[in-house]
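Colleague: I'd like to ask some things about the structure below.
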Amino acid sequence: MDKLEEQKLKSVRQQLDRLYREQTGKMLAYLVSLLSDLSLAEEVWHETIEKALCQWIDETPEHPKAWLATVARNAALDRLRHKKLSLDKIRLIQALSTEENSEFDIDAYQFPDQQLKLIFTCCHPAVAFENQVALTLHSVCGLTTDQIAQALLLSRSTLEQRMTRAKRKIKLSNIPFVIPPEKDIEDRLEAVLQVIYLVFSAGFNDERDAMLPEVDLCQEATRLAKLVSELTANDSKKSCEAKGLLALMMFTLARRAARFDEQGNIVLLEQQNRSLWDWAMIEEADQILSETLAQKHVGIYQIQAAITGVHSLAKSSEQTDWLHIEALYSLLLQLDSSPVIRLNSAVATAFARGYEMGLQKISQLEEQGDLAQYASLYSAKADLLRRLECHREAIGYYEKAISLSHAKKEIDYYQQQIELLRR
Amino acid sequence: MKYLLTIYEDEKVWDTVSEQDGEQIIGRYMQLVENLREQGVFVAAERLLPVDSATSVRVRDGQKLVTDGPFAETKEQLGGFFLVDCKDLDHAIDVASRIPGSETGTIEVRPLWYQD
């Protein structure tokens, strides 16, 4: 292959990679609505990309997106003709066939319902949770198997197994591509938001910042939350929690640059250099949250966003309105009284009403035993004891936290605290 | 598409149920069968005798092995089933959640074997 051709191939590849990422969610949603089969839809979409790779080297079409959409649609129609079909589908094909030779302008269609159906299917509770995450990243976000494996720290073969299992389950057990009925939608939407938040956390807790992985799961999660809130926009009640989650993630993401120092050590919120925060993002998150809270369909993500927002909007750590945060936690506990939330609420009490009172609450939690294996319980206790100048006890709890933590940076941080206390 | 909904429950629960409550539960099962029939979903449903009536059979190397009891000892035992004809999995899940046994035990939803 001569040099010119090689360059051409490279540029076509790059263009197609970009289009694949951008268009996969939408195209799969559209193709599944025709074919009612996710695996088949993917096959058609991948064949289309391959066909483009072969043909675009000679000549890149004037409207690449429309080219892909048209070829994919026609390939789907071809597949349908070979299947036994219901009358509805036959009519659909007849209607679409008349346009077969015309160019299909996919940008003119947003298919909000189809896209939402695809998301609901990927996050169906009958699919194992860890497989929901992989499938959503693959089918809705358009990430490749390699990219997902890298981002989720899984081997390629494990990930492939998960996706195969998930797709097989959807097909064999006949999980429908539908927006769930009214009585189920709240639970199902919650499941979708849970997947999105897990994608975000996986990205945010990732300690490999320095390696600059090519896929930013935090950005993917934000994109998904935006998509879901847009897709549910005509129903404010459903849209509110999606927007709440979006605001929560944006508030958190805005602090990303400040959470490690130059040596890569953890910097706690209290000590963070607030000028490193992304203030434009904080303002945007605040705006989204204010509009959402005004709709008065409060939920756990909106409250958590509000808590994070109080932290983010404080000019300095000393100016943090802890009474406000404590009040928000009381509200949150009414909706979700899980042990981790109770722990965070106890910490808020410590800063709002005194360290002893917070310690007391944490000790109660410790006695109940739900968080016995949770490092943060002991580090929170150690931190308050340090502030009360009970150094020896503090060291003991930091040691306990070290023995339970799996995150290297967290362990380093506790170790540093112990050394400071020993001085 | 046909789904088999198998009902797994701790049989001992039935020992603690009063006669009146027992009749009420049976009544709810009958009602469900009736509803499913009206909706054209019902294919079959049966209740099984307790697991101490079970016999396991295995043939290995042409040798027939017959043993007393179920194949596996578990906390919940197969107590009955519904065979239903549903639109899709969501529909089958909806029917499963209406089976009284789902409130104390577990319903396993399995599609029947089919060829593509």
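Colleague: Compare A:281, B:30 by solvent-accessible area with a 1.4 Å probe and give them largest first, with all protein chains kept in place.
Modeller: Most to least solvent-accessible, the answer reads B:30, A:281.
Colleague: Heavy atoms only, 1.4 Å probe, whole protein assembly: order B:64, A:400 by accessible area, highest first.
Modeller: B:64, A:400
Colleague: May I ask for the accessible area buried between chains A and B, both sides summed, probe 1.4 Å, to the nearest 100 Å²?
Modeller: 800 Å²
Colleague: Note the direction-averaged projected area, equal to a quarter of the hull surface, for the Cα convex hull of the protein assembly as shown, in nm². Numbers along the way, then the final one.
Modeller: Working: hull surface 144.2 nm².
One quarter of the hull surface, i.e. the mean projection, equals 36.0 nm².
Colleague: Modelled label-to-label distance, residue B:39 and residue B:113, 7 Å Cα→beta-carbon offset: nm?
Modeller: 2.8 nm
Colleague: Could you run the Karplus curve 6.51 cos²θ - 1.76 cosθ + 1.60 with θ = phi - 60° over the range A:14-28 and give me ³J(HN,Hα) per residue in whole Hz, x for Gly and Pro?
Modeller: These are the phi-based 3J(HN,Hα) values: 4, 4, 6, 4, 5, 5, 4, 4, 6, 9, 4, x, 5, 5, 5 Hz.
Colleague: Excluding residue A:324 itself, calculate the net charge of residues whose Cβ lies under 15 Å from the Cβ of residue A:324, where each Lys or Arg counts +1 and each Asp or Glu counts -1.
Modeller: -2
Colleague: If you don't mind, another one. If DNA, RNA and ligands are ignored and the probe is 1.4 Å, what is the ranking of B:113, A:279 by accessible area, most exposed first? Could the numbers behind the result be given before it?
Modeller: Details: B:113 220, A:279 90 Å².
Listed by decreasing accessible area, they come as B:113, A:279.
Colleague: Subtract the Cα-Cα distance of residue A:178 and residue A:315 from 0.36 nm times their separation in residues, and report this length gain in nm to one decimal.
Modeller: Using 0.36 nm per residue and subtracting the Cα-Cα distance, I get 44.7 nm.
Colleague: Something else: If you add up the charges near residue B:39, with Lys and Arg at +1 and Asp and Glu at -1, over every other residue whose beta carbon is less than 13 angstrom from its beta carbon, what do you get?
Modeller: Counting the neighbours of residue B:39, the net charge comes to -1.
Colleague: Please get the size of the charge dipole for chain A, origin at its Cα centre, with Cβ charges of +1 on Lys and Arg and -1 on Asp and Glu, quoted in debye to the nearest 20.
Modeller: 860 debye
Colleague: OK, next. Give me, ordered by chain and number, the residues 5 or more places off residue B:80 or on other chains with an amide H under 5 Å from its own placed amide H.
Modeller: So residue B:80 has HN proximity to B:7, B:48.
Colleague: A further question follows. Using a 10 angstrom cutoff on alpha carbons, build the Gaussian network for chain B and name the most mobile of B:101, B:79, B:22.
Modeller: Evaluated over chain B, the most mobile residue of the options is B:22.
Colleague: Counting only the heavy atoms of the protein chains, how much of residue B:42 is accessible to a 1.4 Å probe, in Å² to the nearest 10?
Modeller: Rounded to the nearest 10, the figure is 50 Å².
Colleague: Return the sequence-ordered ³J(HN,Hα) values of the range B:97-103 in whole Hz as given by the Karplus equation 6.51 cos²θ - 1.76 cosθ + 1.60 applied to θ = phi - 60°, using x for Gly and Pro.
Modeller: Once θ is set to phi - 60°, the couplings for the range B:97-103 become 6, 8, 6, x, x, 5, 7 Hz.
Colleague: Continuing with the same structure: Considering protein heavy atoms only and a 1.4 Å probe radius, which residues within the range A:139-177 exhibit an accessible-area decrease of no less than 30 Å² in the full assembly relative to the chain by itself?
Modeller: A:171, A:172, A:173, A:174, A:176
Colleague: Now, a different point. Summing Lys, Arg as +1 and Asp, Glu as -1, what charge do residues with Cβ under 14 Å from the Cβ of residue A:302 carry, residue A:302 excluded?
Modeller: Local charge sum for residue A:302: -1.
Colleague: Compute the distance in nm between two label points, each set 7 Å from the Cα along the Cα-to-Cβ direction, one at residue A:126 and one at residue A:9.
Modeller: 4.5 nm
Colleague: Could you work out, residue by residue across A:328-338, how many beta carbons of other chains sit within 10 Å of that residue's beta carbon, and then give the average as an integer?
Modeller: Values: counts 0, 0, 0, 0, 0, 0, 0, 0, 0, 0, 0.
Going residue by residue through A:328-338 and averaging, the value is 0.
Colleague: Which value at 222 nm does the protein assembly as shown reach when only helices count, each DSSP H run of 4 or more adding -39,500 (n - 2.57), with the total divided by all residues and rounded to the nearest 500 deg cm²/dmol?
Modeller: Value at 222 nm, helices only, nearest 500: -20000 deg cm²/dmol.
Colleague: Cut-off 20 Å, label point 7 angstrom out along Cα-to-Cβ of residue B:75: give me the residues of the range B:38-63 whose amide nitrogen falls inside.
Modeller: The answer is B:51-52, whose backbone nitrogens lie closer than 20 Å to the label point.
Colleague: Roughly how many percent of the accessible protein surface of the protein assembly as shown is carbon and sulfur, given a 1.4 Å probe and a whole-percent answer?
Modeller: The C+S portion of the solvent-accessible surface of the protein assembly as shown is 51 percent.
Colleague: Set Lys and Arg Cβ to +1 and Asp and Glu Cβ to -1, take the dipole of the protein assembly as shown about its Cα centre, and tell me which of A:224, B:80, A:14 lies farthest positive.
Modeller: A:14
Colleague: Go ahead and set up a Gaussian network model of chain A, Cα springs under 10 Å, then flag whichever of A:304, A:194, A:319 fluctuates most.
Modeller: In this elastic network of chain A, the residue with the biggest mean-square fluctuation among A:304, A:194, A:319 is A:319.
Colleague: Calculate one ³J(HN,Hα) per residue across the range B:63-76 by plugging θ = phi - 60° into the Karplus curve 6.51 cos²θ - 1.76 cosθ + 1.60, and present them in order as whole Hz with x for glycine and proline.
Modeller: 9, 8, 10, 10, 10, 6, x, x, 4, 10, 7, 9, 6, 10
The values are calculated or read from the model by the stated rules, or taken from the named source; none is laboratory data. Remember, it's a predicted structure, so these values are computed and weren't measured experimentally. Here Cβ is always computed from backbone atoms with ideal geometry, including for glycine, and neighbour counts include all displayed protein chains. Protein only, heavy atoms only, side chains kept; ligands, DNA and RNA dropped before computing areas. Shrake-Rupley method; radii C 1.70, N 1.55, O 1.52, S 1.80 Å.
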